[in-house]
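To keep things clear, I will list the structure first and then write my remarks on it.
The values are calculated or read from the model by the stated rules, or taken from the named source; none is laboratory data. Just so you know, these numbers come straight off a predicted model, no measurement behind them. When we count neighbours, we look across all protein chains shown, and the Cβ atoms used for this are built from the backbone with ideal geometry, even at glycine. These area figures cover heavy atoms from the full protein model, side chains too; ligands, DNA and RNA do not enter into them. Shrake-Rupley method; radii C 1.70, N 1.55, O 1.52, S 1.80 Å.
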Amino acid sequence: MKLEVPEGVYKPAEDTFLLADNLEVKKGESVLEIGTGCGLLSILAAKEGARVTATDISPKAIKCAEENSEKLEVRAKIKFRKGDLFDPVERKNFDLIVFNPPYLPVPDAESPKTALERSWNGGKDGRKVIDRFLDQVEGHLNRGGRFSFIQSSLSGVGKTLKSLEGKKFRVNMRTEKLSFERLYLFQVTSAGQ
């Protein structure tokens with residue numbers, strides 16, 4: 001699949017591909033992708049027959065994802081919304097939520113100057129966005145819903161596991177070693193599922 005990714009939009013890399021390679025979507029499911037970037041995950045879900053909502057804080061990313069979905073003939077299956085985390089979907093719930101959050105630790109003195117820098121800048125401990133996501137995600141899942149997200153070994157994987165287990169979620173993790181970190185794919189479901 002060939003996607004156009006203009007300067008200033010996060011280009012799919014190992015983290016995106018780890019999510020894509022493990023994306024499990026059933027026809028008719030409702031899917032939310034937070035931080036869609038160029039739209040790859042949303043497009044894959046739409047091609048499987050899901051009803052997709054794709055969000056991003058960057059207007060440039062939303063435009064890019066819309067154009068890619070149009071080119072790949074799934075634009076009618078995806079709703080695009082601009083905004084931060086769950087703000088664009090307010091009280092809506094989903095069967096599956098996928099998110100490739102900003103997760104790299106960056107000292108406060110190096111605050112992001114561009115939208116692209118915000119796409120990977122997770123604050124001083126790499127958890128600035130991850131913690132907000134974990135606090136809100138349960139309120140946006142349908143009964144039996146699940147969610148998947150990426151995290152770096154540099155941003156407190158143990159804290160994430162403790163938070164998820166404290167909320168009675170069942171967690172499956174996959175990992176991929178990179179040069180300076182290990183990526184973790186969290187695939188999370190309710191403990192009763």
Computed label-point distance, nm, for sites Lys92 and Glu4 using a 7 Å Cα→Cβ extension: 2.5
Vicinal HN-Hα couplings computed from phi for the range 35-42 (Karplus, 6.51 cos²θ - 1.76 cosθ + 1.60; Hz; Gly/Pro x): x, 5, x, 7, x, 3, 5, 5
Karplus 3J(HN,Hα) series, Hz, for the range 50-58 with 6.51 cos²θ - 1.76 cosθ + 1.60 (x for Gly, Pro): 7, 9, 10, 10, 10, 10, 7, 7, 9
Entries in Lys2/Lys63; Lys27/Lys63; Lys27/Lys79; Lys47/Lys71 that, when Cα-Cα distance is taken, lie over 23 Å: Lys27/Lys63
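Label the range 1-88 by shape, choosing from rounded, prolate and oblate, from the square roots a ≥ b ≥ c of the eigenvalues of the Cα gyration tensor; if a/c is under 1.5 it is rounded, and otherwise prolate applies when a/b is larger than b/c, oblate when it is not.
Here the range 1-88 falls in the rounded category.
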Pair Lys79, Lys11: separation of 7 Å Cα→Cβ label points (nm): 3.3
Arg182 long-range amide H proximity, modeled H, under 5 Å: Ser153, Leu154
Residues with amide H under 5 Å from that of Arg170, placed H, sequence gap 5 or more: Thr189, Ser190, Ala191
Accessible area per residue, Å², the chain with all protein chains present, probe 1.4 Å: 52
Extension gain (nm, one decimal) between Glu165 and Glu67, 0.36 nm per residue minus Cα-Cα: 31.4 nm
Phi-based couplings in Hz for the range 64-81 (Karplus 6.51, -1.76, 1.60; Gly and Pro marked x): 4, 5, 4, 5, 5, 5, 5, 4, 9, 6, 10, 4, 5, 9, 10, 9, 9, 9
Residues whose placed amide H lies under 5 Å from that of Tyr103, excluding near-sequence neighbours: Gly122
Among Ile97, His140, Ser152 the positive-end extreme of the charge dipole of the chain (Cβ point charges): His140
